[in-house]
Amino acid sequence: MARRRTGPTDAVKDLVYRRDGGRCVRCDSLHRLTIHHRVNRGMGGAREPWINQPHNLLLVCEPCNGWFEDNPRESYEAGWKVRRPQLPDEVEVLYTDGRVYRLGADGVRAAIVEAAR
Ligand SMILES: [Zn+2]
(Lines give C-alpha, C1' and ligand atoms only; values in the text may rest on other atoms or scores of the structure.)
Protein backbone atom coordinates (compact mmCIF):
# COMPACT_ATOMS: atom_id res chain seq x y z
CA MET A 1 0.00 0.00 0.00
CA ALA A 2 1.31 3.45 -0.87
CA ARG A 3 2.36 5.42 2.15
CA ARG A 4 0.59 8.59 1.10
CA ARG A 5 -2.86 7.02 1.21
CA THR A 6 -4.39 8.57 4.29
CA GLY A 7 -7.55 6.53 4.90
CA PRO A 8 -8.19 4.08 7.72
CA THR A 9 -6.73 0.59 7.52
CA ASP A 10 -8.89 -2.33 6.44
CA ALA A 11 -8.85 -3.61 10.02
CA VAL A 12 -10.28 -0.32 11.29
CA LYS A 13 -12.90 -0.20 8.54
CA ASP A 14 -13.91 -3.70 9.56
CA LEU A 15 -14.28 -2.66 13.21
CA VAL A 16 -16.44 0.32 12.24
CA TYR A 17 -18.58 -1.83 9.97
CA ARG A 18 -19.24 -4.35 12.75
CA ARG A 19 -19.71 -1.70 15.47
CA ASP A 20 -22.39 0.04 13.40
CA GLY A 21 -24.11 -3.21 12.46
CA GLY A 22 -23.47 -2.93 8.73
CA ARG A 23 -26.02 -0.09 8.48
CA CYS A 24 -25.94 3.63 7.94
CA VAL A 25 -25.93 5.32 11.36
CA ARG A 26 -28.42 7.95 10.20
CA CYS A 27 -30.98 6.07 8.10
CA ASP A 28 -30.33 2.32 8.57
CA SER A 29 -29.61 1.84 4.87
CA LEU A 30 -27.69 -1.29 3.94
CA HIS A 31 -26.61 0.06 0.57
CA ARG A 32 -23.88 2.32 -0.83
CA LEU A 33 -22.11 2.39 2.51
CA THR A 34 -18.97 4.37 3.05
CA ILE A 35 -16.78 5.49 5.94
CA HIS A 36 -17.44 9.02 7.13
CA HIS A 37 -14.93 11.10 9.10
CA ARG A 38 -16.59 13.01 11.97
CA VAL A 39 -13.71 15.46 12.19
CA ASN A 40 -12.69 16.17 8.65
CA ARG A 41 -9.22 15.32 7.60
CA GLY A 42 -7.42 18.62 7.47
CA MET A 43 -5.42 19.92 4.61
CA GLY A 44 -2.25 17.88 4.50
CA GLY A 45 -4.02 14.67 5.42
CA ALA A 46 -4.16 12.71 8.63
CA ARG A 47 -1.65 14.24 10.97
CA GLU A 48 -3.61 13.52 14.13
CA PRO A 49 -3.32 9.91 15.26
CA TRP A 50 -7.07 9.65 16.00
CA ILE A 51 -8.23 10.86 12.61
CA ASN A 52 -8.46 7.33 11.21
CA GLN A 53 -9.41 5.60 14.45
CA PRO A 54 -12.88 4.09 14.97
CA HIS A 55 -14.25 6.86 17.23
CA ASN A 56 -13.73 9.39 14.45
CA LEU A 57 -15.41 7.17 11.87
CA LEU A 58 -19.01 6.28 11.14
CA LEU A 59 -20.56 3.86 8.70
CA VAL A 60 -22.96 5.89 6.54
CA CYS A 61 -24.59 5.62 3.16
CA GLU A 62 -23.47 7.95 0.39
CA PRO A 63 -26.69 10.03 0.42
CA CYS A 64 -26.33 10.67 4.17
CA ASN A 65 -22.66 11.48 3.73
CA GLY A 66 -23.74 14.23 1.34
CA TRP A 67 -26.55 15.27 3.70
CA PHE A 68 -24.00 15.92 6.47
CA GLU A 69 -22.25 18.44 4.27
CA ASP A 70 -25.54 20.17 3.42
CA ASN A 71 -26.84 20.17 7.02
CA PRO A 72 -23.88 20.94 9.25
CA ARG A 73 -25.91 22.32 12.18
CA GLU A 74 -28.00 19.15 12.57
CA SER A 75 -24.93 17.02 11.95
CA TYR A 76 -22.94 18.69 14.73
CA GLU A 77 -25.91 18.41 17.11
CA ALA A 78 -26.22 14.68 16.48
CA GLY A 79 -22.47 14.14 16.75
CA TRP A 80 -22.24 12.88 13.17
CA LYS A 81 -19.81 15.70 12.61
CA VAL A 82 -17.41 17.09 15.20
CA ARG A 83 -16.01 20.57 15.05
CA ARG A 84 -12.40 21.19 15.99
CA PRO A 85 -11.04 21.70 18.61
CA GLN A 86 -13.47 19.15 20.04
CA LEU A 87 -12.24 15.58 19.81
CA PRO A 88 -14.32 12.65 18.57
CA ASP A 89 -14.23 10.87 21.94
CA GLU A 90 -15.72 13.97 23.62
CA VAL A 91 -18.87 14.10 21.50
CA GLU A 92 -21.60 11.48 21.69
CA VAL A 93 -23.28 10.16 18.57
CA LEU A 94 -26.98 9.71 17.88
CA TYR A 95 -27.87 6.35 16.31
CA THR A 96 -31.07 5.24 14.62
CA ASP A 97 -32.29 3.50 17.81
CA GLY A 98 -32.70 7.00 19.27
CA ARG A 99 -29.88 6.53 21.76
CA VAL A 100 -26.64 8.40 21.98
CA TYR A 101 -23.38 6.53 22.23
CA ARG A 102 -19.87 7.38 23.21
CA LEU A 103 -17.39 5.86 20.79
CA GLY A 104 -14.03 4.49 21.84
CA ALA A 105 -10.78 4.39 19.94
CA ASP A 106 -10.89 0.60 20.31
CA GLY A 107 -14.09 0.28 18.27
CA VAL A 108 -16.39 -0.09 21.28
CA ARG A 109 -19.64 1.86 21.44
CA ALA A 110 -21.20 2.54 24.86
CA ALA A 111 -24.79 3.71 25.27
CA ILE A 112 -25.22 6.79 27.42
CA VAL A 113 -27.88 6.10 30.02
CA GLU A 114 -30.42 8.92 30.01
CA ALA A 115 -30.60 9.21 33.80
CA ALA A 116 -26.87 9.79 33.99
CA ARG A 117 -26.88 12.83 31.77
ZN1 LIG B 1 -28.02 6.90 5.31
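The values are calculated or read from the model by the stated rules, or taken from the named source; none is laboratory data. Please read all numbers here as calculations on a predicted model, not as lab measurements. With ideal geometry, Cβ positions are generated from the backbone for all residues, glycine too; neighbour counts draw on all protein chains shown.
Given the conditions (1) closer than 19 Å to Arg109 by Cβ; (2) at pLDDT 95 or above, which single one is not true for Trp50? Single failed check for Trp50: (2).
Just checking, which of Val100, Val39, Val60 is touching a residue at least 12 places away in the same chain (Cβ under 8 Å), more than 22 Å from Gly7 (Cβ to Cβ), of a type in the set (Val, Ile, Thr) and crowded, with 16+ Cβ neighbours inside 10 Å? Spell out how you get there, then give the answer.
Numbers: Val39 fails: more than 22 Å from Gly7 (Cβ to Cβ); Val60 fails: more than 22 Å from Gly7 (Cβ to Cβ).
Among Val100, Val39, Val60, only Val100 is touching a residue at least 12 places away in the same chain (Cβ under 8 Å), more than 22 Å from Gly7 (Cβ to Cβ), of a type in the set (Val, Ile, Thr) and crowded, with 16+ Cβ neighbours inside 10 Å.
Cβ-Cβ distances below 7 Å connect the following pairs, each with a first residue in region 63-84 that is within 19 Å of Leu33 (Cβ to Cβ) and part of a helix (DSSP H, G or I), a second residue that is within 13 Å of the ligand (Cβ to nearest atom) and among the basic types (Lys, Arg), and a separation of six or more residues or different chains: Cys64/Arg26.
A quick yes/no check of all residues on (1) out of contact with any Lys or Arg (no Cβ under 9 Å at 6 or more places or on another chain); (2) more than 16 Å from the ligand (Cβ to nearest atom):
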{"position": "Pro49", "(1), (2)": "yes, yes"}
{"position": "Val60", "(1), (2)": "no, no"}
{"position": "Pro72", "(1), (2)": "no, yes"}
{"position": "Lys81", "(1), (2)": "no, no"}
{"position": "Pro88", "(1), (2)": "no, yes"}
{"position": "Glu92", "(1), (2)": "no, yes"}
{"position": "Thr96", "(1), (2)": "no, no"}
{"position": "Tyr101", "(1), (2)": "no, yes"}
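Among the numbered criteria (1) under 15 Å from Gly7 (Cβ atoms); (2) free of Cβ contacts under 8 Å to residues at least 12 places away in the same chain, which single criterion is violated by Gln53? Condition (2) is where Gln53 drops out. Only one residue in Leu58, Leu30 is of a type outside the set (Val, Ile, Thr) and part of a strand (DSSP E or B), so which one is that? Selected residue: Leu58, the only one of Leu58, Leu30 that is of a type outside the set (Val, Ile, Thr) and part of a strand (DSSP E or B). Against the numbered list (1) out of contact with any helix residue (DSSP H, G or I) (no Cβ under 9 Å at 6 or more places or on another chain); (2) more than 16 Å from the ligand (Cβ to nearest atom); (3) not basic (Lys, Arg), His55 comes up short only at (1). Just one of the listed residues (Gly66, Gly79) is at positive phi and at pLDDT 95 or above, namely Gly79.
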